[in-house]
1. In segment 303-313, what residues are open to solvent by less than 10 Å² (accessible area, probe 1.4 Å) and either closer than 23 Å to THR428 by Cα or in contact with a Leu (Cβ under 7 Å, 6 or more places away or on another chain) (or both)?
2. Kindly indicate whether any position in segment 184-192 is part of a loop (DSSP other than H, G, I, E, B), farther than 21 Å from LEU357 by Cβ and open to solvent by 40 Å² or more (accessible area, probe 1.4 Å).
3. Condition check: part of a helix (DSSP H, G or I), within 27 Å of ASP40 (Cβ to Cβ), modelled with pLDDT of 80 or more and out of contact with any strand residue (DSSP E or B) (no Cβ under 9 Å at 6 or more places or on another chain). Does ILE422 satisfy that?
4. Could you say which residue among SER161, SER154, SER138 is open to solvent by 10 Å² or more (accessible area, probe 1.4 Å), touching a residue at least 24 places away in the same chain (Cβ under 8 Å) and within 21 Å of the chain's Cα centre (by Cα)?
5. Of these, GLY169, GLY180, which one is among the small types (Gly, Ala, Ser) and under 18 Å from the mean Cα position of the chain (by Cα)?
6. Mind listing whichever residues of segment 437-452 are surrounded by fewer than 17 Cβ atoms within 10 Å (Cβ to Cβ) and assigned to a helix (DSSP H, G or I)?
7. Going through segment 66-113 one residue at a time, which ones are open to solvent by 10 Å² or more (accessible area, probe 1.4 Å), of a type in the set (A, V, I, L, M), part of a helix (DSSP H, G or I) and over 17 Å from THR214 (Cβ atoms)?
Amino acid sequence: MTQRIKPFGWKDKVGYLMGDLGNDFTFLLSSTFLLKFYTDVMGVDAFVVGIVMMIARFVDAVTDIGMGRICDRSHTTAHGKFKPWIRRMCAPVAIASFLIYQSSLADMGMTFKIIWLFFTYILWSSIFYTSINIPYGSMASAISADPNDRQSLSTFRSIGSTLAGLVVGAGVPLFAYSQGENGQPILDGGKFTLIAGIFSILSVIAYLVCYYLTTERVKLSDTPAQHKKNSLKNMLVSSLKNRAILSITVASILMLLSQFTVQSMSGYIFPNYYKNTTAQSVSTVVMMGTMLLAAFAAKPLSKRFGKAEISAVSAAFASVISLITFFIRPKNVWAYVALQSTSWLGLGLFTMVSWALITDVIDYSEIKNGIREDGGIYALYSFARKLGQAAAAGLSGGLLSLVGYTENAQNLPSVLNGIFNISTIVPTIGFLALALVLWLWYPLHKQQVESNSRYLREKHGH
């Protein structure tokens, strides 16, 4: 049953943007700088940090799906089914994020520091971040049933992520580093802890703006019979037979493996390989500019060619540019920035439509299974994304250890060449595999999505 409260409009778009801004003030701080903070400030081996982050992702296998089930089974309130969780959990997720980056503990024993990392990271990522991110992502399909509105929400969500990336990626390198010997930038633990606290406060503010501006319009009936049919076992079994869910899951893992390897390695290639943290900030600004350019192009291109189609082509383009960067190996940092930013233009188109793709998958699954599983399917998708993040963290940490990176061996030629290779080879392979999955395996191309949308409009009477 659908109940129109007020028309979908700019408040919903801006509010949804602010939700991902709140998410990414803590999420991007972790994905971009946690590995650097714990290797250079806390003195923990990169391989160990990567393993901790990977373990957390397997914990998410339980918490993500569990939170999805809680969302699907919760009753719709006057404020909606998903929105109340944003207000409840915004403060806990911000506090947990801040606890991760306590530089005052750097002189503690290694065992304590590893336990502290494990405890605080699990608390933030697998419990509190999950409890706000799953409802936030599921809320998109409840704000509007119209595919064009959902594409707008996906675009605005990606803009929110882009703005957070601009603040985090460009701001942190400017303020968190001190000048060491021979002009070597050194991450300052005290400054970083302060920055982490500021981002936690900003995330709470952004979440609350999201809560007050968005409106859930699509009301789904909640009956015991539906809950029994919509059991965890049935959902998992049906998902394994669902080509759309399986392929978008693999695509998400590949995309984030590539994207977050590039982001985490930026904390090494700029201060260590190029010895230029200013270029890291400029690179972030330029790359976020390309993402905004992609945001303007995403909707008209999607409408004409299809979301999956433009995603596959743009991912292939990003792979080619990363491969060219590997072979050219530019000595000038600004040439590297230009090539990397061009690659991100290709990634940007897929990023801007990625959240609309999952709403297409939810629609497809409703047609296929006869029930709607917004929270559950989004939870599976979120878990897939976290697997990609874990793979990036584990791979980056493991490869850094493999090339010999330690706190006291950062500038050996073999280590520096290894840093460059990791930063270019991994995205080359990952983006190419992503393009192939979207083009050859993912079934929801333009004609199928339009057909599904027409069917559900007739079914729900709107």
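The values are calculated or read from the model by the stated rules, or taken from the named source; none is laboratory data. Bear in mind the structure is a predicted one, so any value in this text is a computation, not a measurement. Ideal geometry is used to build each Cβ from the backbone, glycine not excepted, and the neighbour counts take in all protein chains shown. Only protein heavy atoms, including side chains, enter the accessible area calculation; ligands, DNA and RNA are left aside. Shrake-Rupley method; radii C 1.70, N 1.55, O 1.52, S 1.80 Å.
1. ALA308, SER311, ALA312
2. Within segment 184-192 (the criterion being part of a loop (DSSP other than H, G, I, E, B), farther than 21 Å from LEU357 by Cβ and open to solvent by 40 Å² or more (accessible area, probe 1.4 Å)), the answer is yes, since at least one residue qualifies.
3. Judged against the criteria, ILE422 is a match.
4. On the way: SER154 fails: open to solvent by 10 Å² or more (accessible area, probe 1.4 Å); SER138 fails: open to solvent by 10 Å² or more (accessible area, probe 1.4 Å).
Every option except SER161 fails the conditions.
5. Values: GLY180 fails: under 18 Å from the mean Cα position of the chain (by Cα).
Result: GLY169 is the single residue among GLY169, GLY180 that is among the small types (Gly, Ala, Ser) and under 18 Å from the mean Cα position of the chain (by Cα).
6. Within segment 437-452, TRP439, LEU440, LYS446, GLN447, GLN448, GLU450, SER451 meet the criteria.
7. Passing the criteria: MET67, ILE70, ALA91, ILE95, LEU99, LEU105, MET110.
Listed here are the residues, each with its yes/no results for (1) β-branched (Val, Ile, Thr); (2) crowded, with 24+ Cβ neighbours inside 10 Å; (3) modelled with pLDDT of 80 or more.
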position: SER281; (1), (2), (3): no, no, yes
position: LEU293; (1), (2), (3): no, no, yes
position: LEU301; (1), (2), (3): no, no, yes
position: ALA315; (1), (2), (3): no, yes, yes
position: VAL333; (1), (2), (3): yes, no, yes
position: ALA338; (1), (2), (3): no, no, yes
position: SER354; (1), (2), (3): no, no, no
position: LEU357; (1), (2), (3): no, yes, yes
